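Chemist: Dropping a structure here in structure tokens format, bear with me for questions.
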Amino acid sequence: MKDDVTTREARIDGLQGLGCKRKRVEDARFTQGKGNYVDDLTLDGMLAGDFVRSPYAHARVTSIDTEAALQIPGVLAVLTAKDLEPLGLHWMPTLAGDKQMVLADGKVLYQGQEVAFVVAEDRFAAADGVEAVMVDYEELPVLIDPFESLTSDVVLREDLDPTVDGAHGPRKHPNHIFTWEAGDQAATEQVLAEADVVAEEMIYYHRTHPCPLETCGCVASMDKVNGKLTLWGTFQAPHAIRTVISLISGIEEHNIRVISPDIGGGFGNKVGAYPGYVCSVVASIVMGKPVKWIEDRMDNLMTTAFARDYHMQGKIAATKEGKITGLWCHTTADHGGFDACADPTKFPAGFMNICTGSYDIPTAYLAVDGVYTNKAPGGVAYRCSFRVTEAAYFIERMIEVLAIELNMDAAELRRINFIKADQFPYQSALGWEYDSGDYHTAWDKALKAVDYDGLRAEQTQRVADFKAGKTRKLLGIGLTHFTEIVGAGPVKNCDILGLGMFDSCEIRIHPTGSALARLGTISQGQGHATTFAQILATEIGLPADSITIEEGDTDTAPYGLGTYGSRSTPVAGAATAMAGRKIRAKAQMIAAYLLEVHDNDVEFDVDRFMVKGAPERFKTMKEIAFAAYNQAIPGLEPGLEAVSYYDPPNMTYPFGAYICVMELDVDTGEHEIRQFYALDDCGTRINPMIIEGQVHGGLTEALAIAMGQEIAYDDMGNVKTATLMDFFLPTAVETPHYTTDHTVTPSPHHPIGAKGVGESPNVGGVPAFSNAVHDAFRAFGLRQAHMPHDHWRVWKIAKDLGLHG
Ligand code: PCD
């Protein structure tokens, strides 16, 4: 078993541990079409469920006639709110402390709302059944604009008593949900009153949608013989779903097994609980057969979890020299018909209070008003840690507006105001403690990489050429320096429905020196099976290829809060390292016993314990694993297993410097991205190849959001962008080349120094693209234009600025 002929470097390489560009182990099945998704599941006697949905955005449901539907061959049942009411399941609690109709109870509040659930022998019969259900509606006035909603006499939520506080305190109007504040209002207002310069702007971040390639769905199977419910679904948080189902159905939690198989992208869309899950479970119980419910694309875009829809009114104060003295923000948050936003309980507007960004802003104040409208519920963190994207967009636009006001270069304005490396850990005015950062180094590296001064000179020339009629194309330089806050979160301030946001890892080492590790998170494409094995390889000295990672089955995996908000690496990744260290501590005792020395006389080296000062005397981890199972070691239990439930002491604060160089045609509104440079700092890098892939994917989603993707409503509340013909989903054709780069500033509190990275490119990418558009028109007087910057809107900017002659 001795392999001491190899060099130490060869032993390190053999592990494929931290920092290695290990190929993704999951890709063998994904690239061969061998993935196992919810819709691939077929069970004996399985039925199909589908929804009758409201064509109206606001209406009373006066009658539902199911008779004709029940006549259709293959249709077995039609569930309505009346059927669910005796079970107390016609409404369900939301993640935000509100409640939501499972099926229309007297009225509907948005187009596409679930009205009845048709259960049939197959999907086609279910669809025919849906067509045949007759529903009478009485239309009500529609409220699409949140500002109008707050002054309207039309009451959307007649089920709520306006005089009674909501989940987050007093409500000012029947259509008002909450007011949430952070920072010091009086001090901020004083700073604004006394400032040399104040820039004010309304920044709107439009409504969009995560639109994962695989839509949401589930299969519920109630086994009445042994009382067990199994629920397969596209869940980003399988354990939380199990607990919620137990609480609302009364089925004991040990009798519920929730399984998330392969998931085709999540992006926040699959965090919440949807009426489809509840109806499938009830239908399976009633019918005694498994029931499958899978959304189609229109269902997904119209009804499950949208993102953003924040109207952010900002004021930023500075000295003449450009030192920022204060930031004020009032946000009107459009939450749709029910408050089903997926945020930690104490943060009804997510982590919007990271809106001071990368800057040392001494005084700040934020207030957010949540508002009901006739739109779909479910504000989620679409590639974003709970409204961080909104916050980053807000501050990165405000900086640009301030630069205009000061007539200053926006790169220089940022540099003057960055939090300095020696200020970390940094206490922000709105309540966060940033763990680590080195913004100046990243910024200088980025500016140098793109030859910033050269670009500005080119731009000056371009403006002159444009004015001289020599070109119809403008050049925009989009700058962004973002700071994220990911890894929710310390249990002391982060919970979802009362469940503390820790995460977990359980490891079993097998006698022959291979291992199985299970986590409370669930990959949706991120590559956890690859990267978590790498963390363990380095911690326990067994090759990553000998370690299987399993997630997503609540019967086997330890309890965890799931994967979203880039929390897996900061929280479950930390649990993995900590569990690995427990394994190592026991291995050390075994090694010392086998080597006949004291525990403290052996030390760990890559893949073995060796006697201090005598490296030729060692036991490899493989040998130790075997001994753990076949030798009676005094004072030690046999076996080699460990569990860690990790409660992080703080969030992690990844950051990055992004620069987008864009050409814009003023006559057609078309854009061409000439260069995109993305520098990310996510602390210790586990797998540089996976990180690069994460950045490419996130930037492409950012491109989509900034340049065209939108959930748009007309005045009647009709969704105008409910298909992929209208909803922009970029393909390789629209995707530009990206240059990635990095610096490494480890997190001081994470066991391996890693921060999250999955969301960073979206958080930083959207303002970089949008700032490029704005910057191109800066010389012609543009201050603020709403996203998405599709061709028509860009053309319109040019027109409004008088550039069409
Ligand atoms: N990493 C590394 N290193 C570091 C960090 C990290 O390597 N430093 C890696 C890891 O391991 C993994 C990844 O990377 O694998 C990621 O991570 P993170 O950041 O931690 O995150 P996660 O938690 O895992 O995940 C989550 C995210 C999110 S949140 C989202 S949206 C998205 C992202 O992730 N999604 C997705 N990405 C992705 N990808 C894919 N493919 N798919 C998907 O779906 Mo949310 O909140 O949910 O909205």
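The values are calculated or read from the model by the stated rules, or taken from the named source; none is laboratory data. From a predicted model like this one, the values you see are computed outputs, not experimental measurements. For neighbour counting, all protein chains shown are included, and Cβ atoms are generated from backbone atoms with ideal geometry for every residue, glycine included. Just the protein is used for accessible areas: all its heavy atoms, side chains included, with ligands, DNA and RNA removed. Shrake-Rupley method; radii C 1.70, N 1.55, O 1.52, S 1.80 Å.
Chemist: Only residues that are in a loop (DSSP other than H, G, I, E, B), closer than 16 Å to residue 494 by Cα and either open to solvent by 10 Å² or more (accessible area, probe 1.4 Å) or away from the ligand (no atom under 16 Å from the Cβ) (or both): list them for segment 344-377, please. Full working, then the answer.
Modeler: At the first step, the residues of segment 344-377 found to be in a loop (DSSP other than H, G, I, E, B) are 344-351, 355-358, 360-362, 373-377.
Subset that is closer than 16 Å to residue 494 by Cα: 344-351.
Matches in segment 344-377: 345, 346, 347, 348.
Chemist: Quick one: in segment 786-805, of everything that is open to solvent by 10 Å² or more (accessible area, probe 1.4 Å) and among the hydrophobic types (A, V, I, L, M, F, W, C), which residue is farthest from residue 572 (Cα to Cα)? Show your work before the answer.
Modeler: Residues of segment 786-805 that are open to solvent by 10 Å² or more (accessible area, probe 1.4 Å), as a first pass: 786, 790-793, 795-797, 799-805.
Restricting the remaining residues to those that are among the hydrophobic types (A, V, I, L, M, F, W, C) gives 792, 795, 797, 801, 803.
On the way: 792: 44, 795: 47, 797: 46, 801: 51, 803: 53 Å.
By that ranking, first place goes to 803.
Chemist: Taking the conditions exactly as written (more than 16 Å from the ligand (Cβ to nearest atom), modelled with pLDDT of 95 or more and crowded, with 23+ Cβ neighbours inside 10 Å), does residue 547 satisfy them or not?
Modeler: Taking the combined requirement at face value, the residue does not satisfy it.
Chemist: From 632, 678, grab the single residue that is of a type in the set (A, V, I, L, M) and buried (at least 24 other Cβ atoms within 10 Å of the Cβ). Give the steps one after another, and end with the answer.
Modeler: Details: 632 fails: buried (at least 24 other Cβ atoms within 10 Å of the Cβ).
Sole residue among the options that is of a type in the set (A, V, I, L, M) and buried (at least 24 other Cβ atoms within 10 Å of the Cβ): 678.
Chemist: Mind checking which residues of segment 689-711 are touching a Phe, Trp or Tyr at 6+ places or on another chain (Cβ under 9 Å) and among the aliphatic types (A, V, I, L, M)?
Modeler: Matches in segment 689-711: 695, 699, 702, 703, 704, 705, 706, 707, 711.
Chemist: Let me ask something additional. Among the residues of segment 69-83, which ones are closer than 23 Å to residue 107 by Cβ and either open to solvent by 50 Å² or more (accessible area, probe 1.4 Å) or part of a strand (DSSP E or B) (or both)?
Modeler: First, pick out the residues of segment 69-83 that are closer than 23 Å to residue 107 by Cβ: 69, 78-83.
78, 79, 82, 83 - these are the residues of segment 69-83 that are closer than 23 Å to residue 107 by Cβ and either open to solvent by 50 Å² or more (accessible area, probe 1.4 Å) or part of a strand (DSSP E or B) (or both).
Chemist: Does at least one position in segment 563-572 carry a residue that is surrounded by 24 or more Cβ atoms within 10 Å (Cβ to Cβ), away from the ligand (no atom under 12 Å from the Cβ) and small (Gly, Ala, Ser)?
Modeler: Our first condition is that a residue be surrounded by 24 or more Cβ atoms within 10 Å (Cβ to Cβ); within segment 563-572, this holds for 563-572.
After this cut, where a residue has to be away from the ligand (no atom under 12 Å from the Cβ) as well, the list is none.
No, every residue in segment 563-572 fails to be surrounded by 24 or more Cβ atoms within 10 Å (Cβ to Cβ), away from the ligand (no atom under 12 Å from the Cβ) and small (Gly, Ala, Ser).
Chemist: I would also like to ask the following. Can you name the number of the only condition in (1) open to solvent by 10 Å² or more (accessible area, probe 1.4 Å); (2) in a loop (DSSP other than H, G, I, E, B); (3) within 16 Å of the ligand (Cβ to nearest atom); (4) not hydroxyl-bearing (Ser, Thr, Tyr) that residue 560 fails?
Modeler: For residue 560, the exception is condition (1).
Chemist: Give me the pairs, please: first residue somewhere in segment 79-90 and within 15 Å of residue 251 (Cβ to Cβ), second residue anywhere and in a loop (DSSP other than H, G, I, E, B), beta-carbon distance under 7 Å, and either six or more positions apart or on two chains.
Modeler: 89/102
Chemist: Something else: Given (1) assigned to a strand (DSSP E or B); (2) under 34 Å from the mean Cα position of the chain (by Cα); (3) farther than 25 Å from residue 248 by Cα, where does residue 130 come up short, assuming only one miss?
Modeler: Unmet condition: (1).
Chemist: Continuing with this model, one more query. Residue 337 is checked against (1) farther than 30 Å from residue 406 by Cα; (2) open to solvent by 10 Å² or more (accessible area, probe 1.4 Å) and fails just one. What number does that condition carry?
Modeler: Of (1) farther than 30 Å from residue 406 by Cα; (2) open to solvent by 10 Å² or more (accessible area, probe 1.4 Å), only one is false for residue 337: (2).
Chemist: To continue, here is another question. Taking segment 753-794 as the search range and keeping residues that are in a helix (DSSP H, G or I) and of a type in the set (Lys, Arg), which one is nearest to residue 700 (Cα to Cα)?
Modeler: Applying the first criterion (in a helix (DSSP H, G or I)) to segment 753-794 yields 760-778, 791-794.
Checking the rest, the ones that are also of a type in the set (Lys, Arg) come to 778, 793.
Working: 778: 25, 793: 20 Å.
So, considering only residues that are in a helix (DSSP H, G or I) and of a type in the set (Lys, Arg), the one nearest to residue 700 (Cα to Cα) is 793.
Chemist: Now for a different question. Any chance you could count how many residues in segment 378-410 are within 16 Å of the ligand (Cβ to nearest atom) and either of a type in the set (D, E, K, R) or not in a helix (DSSP H, G or I) (or both)? Before the answer, list the steps.
Modeler: Keep residues of segment 378-410 that are within 16 Å of the ligand (Cβ to nearest atom), which gives 378-393.
Then drop every residue that is not either of a type in the set (D, E, K, R) or not in a helix (DSSP H, G or I) (or both), which leaves 378-387, 390.
Matching residues across segment 378-410 total 11.
Chemist: Select from segment 233-269 the residues that are closer than 20 Å to residue 29 by Cα and part of a strand (DSSP E or B) and write down the one among them that is farthest from the ligand (Cβ to nearest atom).
Modeler: The selected residue is 259.
Chemist: Could you please tell me which pairs satisfy a Cβ distance under 6 Å, a separation of 6+ or placement on different chains, a first residue in segment 572-598 that is of a type in the set (Asp, Glu), and a second residue that is open to solvent by 50 Å² or more (accessible area, probe 1.4 Å)?
Modeler: No pair meets every condition.
A quick yes/no check of all residues on (1) more than 30 Å from residue 721 (Cα to Cα); (2) open to solvent by 30 Å² or more (accessible area, probe 1.4 Å); (3) within 16 Å of the ligand (Cβ to nearest atom); (4) among the acidic types (Asp, Glu):
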| position | (1), (2), (3), (4) |
| --- | --- |
| 156 | no, no, no, no |
| 170 | yes, yes, no, no |
| 175 | no, no, no, no |
| 192 | yes, no, no, no |
| 198 | yes, yes, no, no |
| 210 | no, no, yes, no |
| 213 | no, yes, yes, no |
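Chemist: Same structure again: What single numbered condition from (1) among the β-branched types (Val, Ile, Thr); (2) within 30 Å of residue 439 (Cα to Cα); (3) out of contact with any Pro (no Cβ under 8 Å at 6 or more places or on another chain); (4) away from the ligand (no atom under 16 Å from the Cβ) fails to hold for residue 285?
Modeler: Of (1) among the β-branched types (Val, Ile, Thr); (2) within 30 Å of residue 439 (Cα to Cα); (3) out of contact with any Pro (no Cβ under 8 Å at 6 or more places or on another chain); (4) away from the ligand (no atom under 16 Å from the Cβ), only one is false for residue 285: (2).
Chemist: Still on this structure, please answer the following. How many residues does segment 84-104 hold that are open to solvent by 10 Å² or more (accessible area, probe 1.4 Å) and either among the basic types (Lys, Arg) or outside any strand (DSSP E or B) (or both)?
Modeler: 11
Chemist: Would you please name the residue that is farthest from the ligand (Cβ to nearest atom), looking only at residues in segment 724-760 that are crowded, with 24+ Cβ neighbours inside 10 Å and within 19 Å of the chain's Cα centre (by Cα)?
Modeler: 760
Chemist: If residue 56 passes every condition in (1) buried (at least 20 other Cβ atoms within 10 Å of the Cβ); (2) outside any strand (DSSP E or B); (3) over 33 Å from the mean Cα position of the chain (by Cα) but one, which one does it miss?
Modeler: The one condition residue 56 does not meet is (3).
Chemist: May I pose another question? Pick from 616, 596, 603: which is at positive phi, among the charged types (D, E, K, R) and either at pLDDT 95 or above or away from the ligand (no atom under 16 Å from the Cβ) (or both)?
Modeler: The conditions single out 596.
Chemist: Also: Can residue 42 be described as without any contact (Cβ under 8 Å) to a residue 40 or more places away in the chain, of a type in the set (Val, Ile, Thr), out of contact with any Asp or Glu (no Cβ under 6 Å at 6 or more places or on another chain) and under 30 Å from residue 137 (Cα atoms)? Walk me through it before giving the result.
Modeler: Numbers: without any contact (Cβ under 8 Å) to a residue 40 or more places away in the chain: yes; of a type in the set (Val, Ile, Thr): yes; out of contact with any Asp or Glu (no Cβ under 6 Å at 6 or more places or on another chain): yes; under 30 Å from residue 137 (Cα atoms): no.
When the stated conditions are applied, residue 42 does not pass them.
Chemist: I've got another one for you. Does segment 479-497 include one or more residues that are within 26 Å of residue 393 (Cα to Cα) and open to solvent by 40 Å² or more (accessible area, probe 1.4 Å)?
Modeler: Step one: of segment 479-497, the residues within 26 Å of residue 393 (Cα to Cα) are 479-490, 493-496.
Still in the list and also open to solvent by 40 Å² or more (accessible area, probe 1.4 Å): 493.
Checked against the condition, which is being within 26 Å of residue 393 (Cα to Cα) and open to solvent by 40 Å² or more (accessible area, probe 1.4 Å), segment 479-497 yields at least one hit.
Conditions (1) in contact (Cβ under 8 Å) with a residue 40 or more places away in the chain; (2) in contact with a Phe, Trp or Tyr (Cβ under 8 Å, 6 or more places away or on another chain), marked per residue:
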position	(1), (2)
107	yes, no
111	yes, yes
118	yes, yes
123	yes, no
126	yes, no
150	yes, no
155	no, no
160	no, no
169	no, yes
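Chemist: Sticking with this one: Does at least one position in segment 296-305 carry a residue that is in a helix (DSSP H, G or I), surrounded by fewer than 22 Cβ atoms within 10 Å (Cβ to Cβ) and among the aliphatic types (A, V, I, L, M)?
Modeler: yes
Chemist: Open to solvent by less than 10 Å² (accessible area, probe 1.4 Å) and within 16 Å of the ligand (Cβ to nearest atom), is that true of residue 763? Show your work before the answer.
Modeler: On the way: open to solvent by less than 10 Å² (accessible area, probe 1.4 Å): yes; within 16 Å of the ligand (Cβ to nearest atom): yes.
Yes.
Chemist: Identify the residue in segment 280-295 that is touching a helix residue (DSSP H, G or I) at 6+ places or on another chain (Cβ under 8 Å) and assigned to a helix (DSSP H, G or I) and, among all such residues, is farthest from residue 725 (Cα to Cα). Reasoning before the result, please.
Modeler: Pass one, segment 280-295, residues touching a helix residue (DSSP H, G or I) at 6+ places or on another chain (Cβ under 8 Å): 281-282, 290-295.
If we keep only those that are assigned to a helix (DSSP H, G or I) as well, we get 281-282.
Working: 281: 33, 282: 35 Å.
Here the residue is 282.
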